[in-house]
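The values are calculated or read from the model by the stated rules, or taken from the named source; none is laboratory data. Remember, it's a predicted structure, so these values are computed and weren't measured experimentally. So basically every Cβ, Gly included, is an ideal-geometry build from the backbone, and we count neighbours across all protein chains shown. Just the protein is used for accessible areas: all its heavy atoms, side chains included, with ligands, DNA and RNA removed. Shrake-Rupley method; radii C 1.70, N 1.55, O 1.52, S 1.80 Å.
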Amino acid sequence: MPLRTERVRQLTALLPILAVALLAACSGDYPQTTFRPVTEFGAAINDLFTGVFWWTMLVLVAVWTVLIYVVLRYRRRPNQAPPRQTYGSVTAEILWTLGPAVIVAFMAVPTIRTIFFTYREPSPDALVVDAIGHQWWWEFRYPEQGIVTANQFVLPVGREVHIRLSSADVLHNFWIPRIGGKRYNYPVPVQSNVPPSKVNALTFTISEPGEYSGQCAEFCGIAHAIMRKRLLAVSPEEFDAWVESMREPAQQVAAAPAAEQAAQAGEAGEEEAAASPQAAAAPAPESAAAAVPGSLEAQGREIFLRSTCIACHAIAGTPARGAVGPNLTGYGSRWAVGAGARPNTLENVIAWIKDPQDLKPGVLMPGTQTAAPNGFPATGLSDEEVRAVAAYLLSLK
Ligand code: CUA
């Protein structure tokens with residue numbers, strides 16, 4: 001008896017520790033939580049989850065109440081004869097078959113309703129974006145706006161968005177938890193001749209501006225864990241400005257326009273360019289810093305454009321047209337290098353260009369001295385050249 005009270009005392013002392021451990025789960029900022037959705041799509045899934053959770057809690061409490069009652073009421077007592085044995089009971093079997101069937105049917109109704117809701121047809125004026133999975137990065141194409149970006153993309157709040165999911169190689173899975181999802185990127189080319197029923201899609205409207213983090217949610221090879229993406233949800237005006245900054249200038253950038261001239265063109269040319277891209281007389285260069293003759297960025301631009309970088313990468317406003325690797329237009333605004341491998345700092349971009357395998361094993365990009373795993377030869381850039389290219393890339397905003 002004293003031993004038992006001692007044990008009870010020990011267990012009681014453990015309770016506060018257990019409570020602290022439990023409550024720790026409620027603290028902190030979780031950028032990839034599903035419990036704070038910012039779209040009606042995410043809210044529908046969260047509501048379904050919460051509803052089903054509480055119904056299952058009800059079942060749990062009911063079952064445990066009966067169980068505990070039976071254990072106490074019919075526990076073995078001293079000198080008790082064995083209880084009456086029962087073999088087979090049609091009533092019991094009907095009850096324990098019907099009961100769960102009713103519960104499942106009860107939960108199936110909101111579940112199926114939510115499934116249909118998340119697969120609804122987009123409205124005709126929805127913003128269409130193609131999200132294409134690649135080993136191991138994300139490509140985002142805006143067919144109506146004529147722009148392409150990678151790993152980080154921008155969407156307006158308050159407007160319906162229709163994201164068509166596809167893949168350039170293997171199965172990937174698009175997942176930004178606060179938006180909702182996740183959903184597969186099948187290796188189906190996103191082209192107009194593919195019936196919509198064959199293309200997976202997500203249709204949603206974002207209600208809150210912010211930065212939303214996501215990642216690939218289907219194992220897709222060695223660098224699957226570093227196939228992240230970031231969504232910036234902004235006001236419609238900011239979205240239009242971003243689209244304009246990502247656009248191909250109507251004409252080739254003059255060899256060396258002054259930086260302030262570039263800034264003016266960016267201000268004044270915006271609305272004109274939106275109305276008619278051909279009408280923009282003096283398009284902003286893709287990098288104001290690189291437009292300054294003799295700058296490190298200008299050297300980097302020149303090195304980039306004469307190296308093998310352009311076999312795989314494109315930058316709007318330059319002759320670089322490669323479409324195998326991530327489009328680097330506006331690269332300096334991105335949060336990370338290598339689809340989330342490291343923060344997007346000068347040192348990390350330099351390290352990336354020199355030896356990307358070191359930051360992201362498996363990545364299909366060559367280093368300065370090492371070929372890519374797919375055989376693409378080393379770029380052979382010197383350390384000074386790498387520094388200049390990195391500075392140029394970070395100047396692309
Ligand atoms: Cu793509 Cu995992």
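Of note:
- Looking only at the stretch 213-237, and only at residues there that are charged (D, E, K, R) and touching a residue at least 12 places away in the same chain (Cβ under 8 Å), the one that is farthest from the ligand (Cβ to nearest atom): ARG230
- Enumeration of residues in the stretch 235-255 that are part of a loop (DSSP other than H, G, I, E, B) and modelled with pLDDT of 95 or more: SER235
- Single condition SER27 does not satisfy, out of (1) over 30 Å from ILE179 (Cα atoms); (2) loosely packed, with under 10 Cβ neighbours inside 10 Å: (1)
- Test: GLU121 is charged (D, E, K, R), on the phi < 0 side of the Ramachandran plot and more than 16 Å from the ligand (Cβ to nearest atom): yes
- Test: ALA316 is more than 30 Å from ASN173 (Cα to Cα) and either at pLDDT 85 or above or small (Gly, Ala, Ser) (or both): no
- Among the residues listed as VAL102, VAL129, VAL148, VAL109, the single one being open to solvent by less than 10 Å² (accessible area, probe 1.4 Å) and either on the phi > 0 side of the Ramachandran plot or not in a loop (DSSP other than H, G, I, E, B) (or both): VAL129
- Scanning the stretch 211-234 for residues that are in a strand (DSSP E or B) and surrounded by fewer than 15 Cβ atoms within 10 Å (Cβ to Cβ) yields a single hit, GLU211.
- Output for the stretch 154-170, where each listed residue is within 16 Å of the ligand (Cβ to nearest atom), in a strand (DSSP E or B) and under 22 Å from GLY338 (Cα atoms): LEU165, SER166, SER167
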